[in-house]
Amino acid sequence: MLRLSAPLPSSLCWWWRVEQLISRYEFYRVQLQDGVDRAVLASASLTQTRTIETMITDYLQSVPFIDDVTVTFVPSTGATYRQVSVVAQYSMATGFLLLIGINAITVNATATAIEQRKNVEISLMLDMSGSMRFSSPRRIDLLKPAAQEFIDTILTPKTAAYTSVSIVPYAGQVNVGANVFNQLGRTRTHNNSFCFEFSDADYASGMRSFAGWAQAPHFTEWNYNTSVSDMNWW
């Protein structure tokens, strides 16, 4: 066994204490950083239904000295992204550095996480059938501002570059327009509208060829009479 017959020189004692201080600092820093990293990753998830504050608080409970840690966070959320930044600070007592007036050293841990969806494609299906003129207020009058608000929320200066919204107005069918109808290679039987006849089985087989599909017939109601100017039958 190695035994010291004399005390360590003062210079060695000093460096030994410095090494102890560094080891303690790293001990606290690693634990704090680990807790902060896990907290931001969990709270930035777009599938997370709990609040950002709750997630950060819960995940940082794994840090043994969390009661003495000061935590600040900055959340930023939008229709297609969620970003969270966290700064945690712990004041570690220094021990022997008290002799030179240093009572504590601040242990810092910071992290930022963001989850974002890009190239979002949305189809907004809007009912334009005759029943939308019923009730009070009329259903169509409720639909219009709701659709506009939805589009304004989704298409912002931040999201417009990678988000598209298609508006699909429908009644019994969807009028795809002459250009789309022609590209699908169908033969017209009339030029009043451009709709296809679907059967129930067509919706269970995925995308199919339009070969053999009939153009929906056009109907004329000669005795039509209504004062609803924005929902004429045609």
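Around Arg117, what is the net charge, scoring Lys/Arg as +1 and Asp/Glu as -1 over all other residues with Cβ under 15 Å from its Cβ?
Values: positive: Arg82, Lys118, Lys158; negative: Glu115, Glu121.
Computed value for this residue: +1.
So if we plug the beta-carbon distance of Tyr203 and Tyr81 into 1/(1 + (r/R0)^6) with R0 = 45 Å, what FRET efficiency do we get, rounded to 0.05? The calculated FRET efficiency here is 0.85.
Can you work out the FRET efficiency for the pair Val165 and Asp37, with r the C-beta to C-beta distance and R0 = 35 Å, to the nearest 0.05? Before the final figure, lay out each step's value.
Working: r = 36 Å, r/R0 = 1.03.
For Val165 and Asp37, the calculated efficiency is 0.45.
Over all other residues within a Cβ to Cβ distance under 13 Å of Asn108, the charged ones net out to 0, with Lys and Arg as +1 and Asp and Glu as -1.
Exposure proxy check: Met125, Met132 ranked by fewest other beta carbons within 10 Å? It would help to have the intermediate numbers written out before the result.
On the way: Met125 10, Met132 18.
Lowest count first: Met125, Met132.
Taking other C-beta atoms within 10 angstrom as a stand-in for reagent exposure, Tyr170, Tyr25, Tyr203, Tyr90 fall in the order Tyr203, Tyr170, Tyr25, Tyr90, fewest first.
Every number in this text was worked out from the coordinates using simple rules, so none of it is lab data. Values in this document were obtained by computation on a predicted structure and should not be read as measured data. Heads up, the Cβs are rebuilt from the backbone with ideal geometry, glycines too, and the neighbour counts pull from every protein chain shown.
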